[in-house]
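*Asks:* If you scroll down you'll find the structure; I have some questions about it.
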């Protein structure tokens with residue numbers, strides 16, 4: 001390998017007009033070498049020498065043990081020393097440090113993944129902040145965000161809870177807005193969907209089976225795998241929420257729908273170079289038209305209070321007065337509350353619109369009033385005693401005769 005100085009000498013002699021033969025004679029290099037240096041587009045760079053290391057036979061073992069269990073360099077050095085490694089622990093420590101650096105790069109590395117039409121959507125919750133109610137208490141407001149992977153068509157709905165019933169209702173509203181649903185939906189580890197790393201909430205899984213879409217979770221510690229919805233969360237906060245005022249939750253959602261239809265889904269997307277509303281026409285979604293809406297019913301057991309009321313989700317519902325102290329089952333759907341004792345339905349109410357409500361049927365109020373003001377019956381004696389013999393009563397004159 002020629003040095004940089006030798007390369008520059010050959011080029012200099014060639015610029016002075018010397019032939020290849022003369023340059024070879026003057027420099028002592030062969031004519032083929034001179035021709036090669038004259039044809040080269042850059043100066044030669046020395047190839048670094050790779051020296052064999054005593055650690056080379058053990059690198060695959062070290063890499064596997066560290067990736068599977070995260071063992072320290074001290075522990076790994078002890079393991080390979082028992083296998084015949086005679087090098088220094090410092091070499092093992094340097095190798096483990098290189099593995100850690102490679103892992104940091106892998107975690108930060110993001111590869112854009114484009115999905116075909118109708119293949120995937122991504123969904124997530126985002127907390128928008130805490131706001132003060134008229135009574136002075138504070139309430140959190142959340143944003144449910146769903147975006148279709150191919151068209152980037154966006155849906156957002158604001159709620160005051162992240163309960164499973166709310167999540168399902170938001171899905172149904174998103175499906176209605178898009179006109180259908182994709183083959184699979186990607187989520188993070190939200191507790192309404194994922195119970196354990198390997199188990200999906202059975203009630204949500206039932207909702208997914210009903211519609212026929214697959215529940216997918218992004219890779220652990222890799223939130224970039226759902227980057228589309230993450231970017232949409234930031235977009236909602238910056239382009240819609242920032243600097244605006246809203247008169248309650250209903251006004252917030254009304255303005256959000258207007259923004260979706262006039263701004264978010266009409267803009268030219270930076271990645272697709274097309275408007276989401278136009279690409280939505282190419283999405284091959286399962287159509288929502290004609291499908292029967294999914295009905296989510298929750299069941300829980302409660303004890304009837306002394307006022308013949310049952311507490312469910314911070315609201316009270318009336319039952320017949322005779323059930324005070326009994327255990328009953330509360331079945332809640334999106335709009336109805338059914339209260340039953342085993343197979344007998346004892347009360348049916350419209351679901352409360354806000355926490356702290358008291359929902360009572362007039363017949364229950366009337367029965368409770370009548371039973372509370374009725375004259376109490378005398379308590380029966382705890383035992384019965386019969387006196388058969390009459391008590392003998394003597395006149396006072398009898399006692400006067402016997403007196404001295």
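Every number here is computed from the coordinates shown, using simple stated rules; none is lab data. Here the structure is a predicted model, which is why all the values come from computation and not from measurement. All Cβ positions, glycine included, derive from the backbone under ideal geometry; neighbour counts span all protein chains shown.
*Asks:* Rounded to the nearest 500 deg cm²/dmol, what is the calculated helix-only ellipticity per residue at 222 nm for the chain, with -39500 (n - 2.57) per DSSP H run of length n ≥ 4?
*Replies:* It comes out at -10000 deg cm²/dmol, rounded to the nearest 500.
*Asks:* Taking other Cβ within 10 Å of each residue's Cβ, how do 364, 384, 258 sort, fewest first?
*Replies:* 384, 258, 364
*Asks:* Follow-up. With a Förster radius of 22 Å, plug the Cβ-Cβ distance of residue 128 and residue 314 into 1/(1 + (r/R0)^6) and report the FRET value to the nearest 0.05.
*Replies:* Taking R0 as 22 Å, the efficiency between residue 128 and residue 314 is 0.50.
*Asks:* Please give the contour-minus-distance gain from residue 282 to residue 140: 0.36 nm per residue of separation, less the Cα-Cα distance, rounded to one decimal in nm.
*Replies:* The residue 282-residue 140 span can extend by a further 47.4 nm.
*Asks:* In the stretch 1-25, which residues have a backbone nitrogen under 14 Å from the label point lying 7 Å from residue 31's Cα in the Cα-to-Cβ direction?
*Replies:* 19-25
*Asks:* Can you give the extra length, in nm with one decimal, that the chain gains between residue 345 and residue 307 once fully stretched, where that is 0.36 nm per residue apart less the Cα-Cα distance?
*Replies:* Extending this stretch completely gives an extra 11.8 nm.
*Asks:* Quick one: compute the contact order of the stretch 70-218, relative version, from alpha carbon pairs under 8 angstrom and 6+ residues apart, as a percent.
*Replies:* 17
*Asks:* When the distances between all Cα atoms of the stretch 218-349 are binned every 5 Å from zero, what whole-number percent does each bin get?
*Replies:* 2, 8, 12, 11, 9, 10, 11, 10, 9, 9, 6, 3, 1, 0
*Asks:* Restricting to bridges with both residues inside the chain, how much of the DSSP beta-bridge set is antiparallel, in percent to the nearest 5?
*Replies:* Bridges in the chain are about 80 percent antiparallel.
*Asks:* A further question follows. How many angstrom lie between the C-alpha centres of the stretch 353-369 and the stretch 273-289?
*Replies:* Their Cα centres are 47 Å away from one another.
*Asks:* While we're on this one: Once the Cβ-Cβ distance between residue 15 and residue 298 is put in as r, and R0 is 60 Å, what FRET efficiency do you end up with, to the nearest 0.05?
*Replies:* Step by step, r from the Cβ atoms, then E = 0.10.
*Asks:* What does a probe at residue 354 reach in the stretch 243-277, counting residues whose amide N is under 18 Å from the point 7 Å along Cα→Cβ?
*Replies:* 246-254
*Asks:* Normalised radius of gyration for the stretch 56-108, please: alpha carbon Rg relative to 2.2 N^0.38 Å, two decimal places.
*Replies:* Details: Rg = 10.9 Å, N = 53, 2.2 N^0.38 = 9.9 Å.
Taking N as the residue count of the stretch 56-108, the ratio is 1.10.
*Asks:* Taking the convex hull of the alpha carbon atoms in the stretch 169-281, what volume per residue do you get, in Å³? Can you show the working numbers first?
*Replies:* Working: hull volume 15.4 nm³, N = 113.
Once divided by residue count, the hull of the stretch 169-281 is 137 Å³.
*Asks:* Points 7 angstrom from Cα along the Cβ direction at residue 366 and residue 94: gap in nanometres?
*Replies:* Rounded to a tenth, the inter-label distance reads 9.3 nm.
*Asks:* Once the convex hull of the C-alpha atoms of the chain is built, how many Å³ does it hold per residue, rounded to a whole number?
*Replies:* 442
*Asks:* Any chance you could list P(r) for the stretch 298-373, counting all Cα-Cα pairs in 10 angstrom bins from zero, rounded to whole %?
*Replies:* P(r) for the stretch 298-373, in whole percents per bin: 21, 58, 21, 1.
*Asks:* If you line up the long axis of helix 4-15 against the longest principal axis of the chain, both from Cα atoms, how many degrees apart are they, to the nearest 10?
*Replies:* Taking the Cα atoms of the chain, the angle to 4-15 is about 50 degrees.
*Asks:* A further question on this structure: Send over the Kirkwood Rh of the stretch 111-150, from the inverse of the averaged 1/r over different Cα pairs, rounded to one decimal Å.
*Replies:* It is 12.8 Å.
*Asks:* Tell me, in nm to one decimal, what length is gained between residue 274 and residue 336 on full extension, where the rule is 0.36 nm per residue of separation less the Cα-Cα distance?
*Replies:* Full extension from residue 274 to residue 336 adds 18.0 nm.
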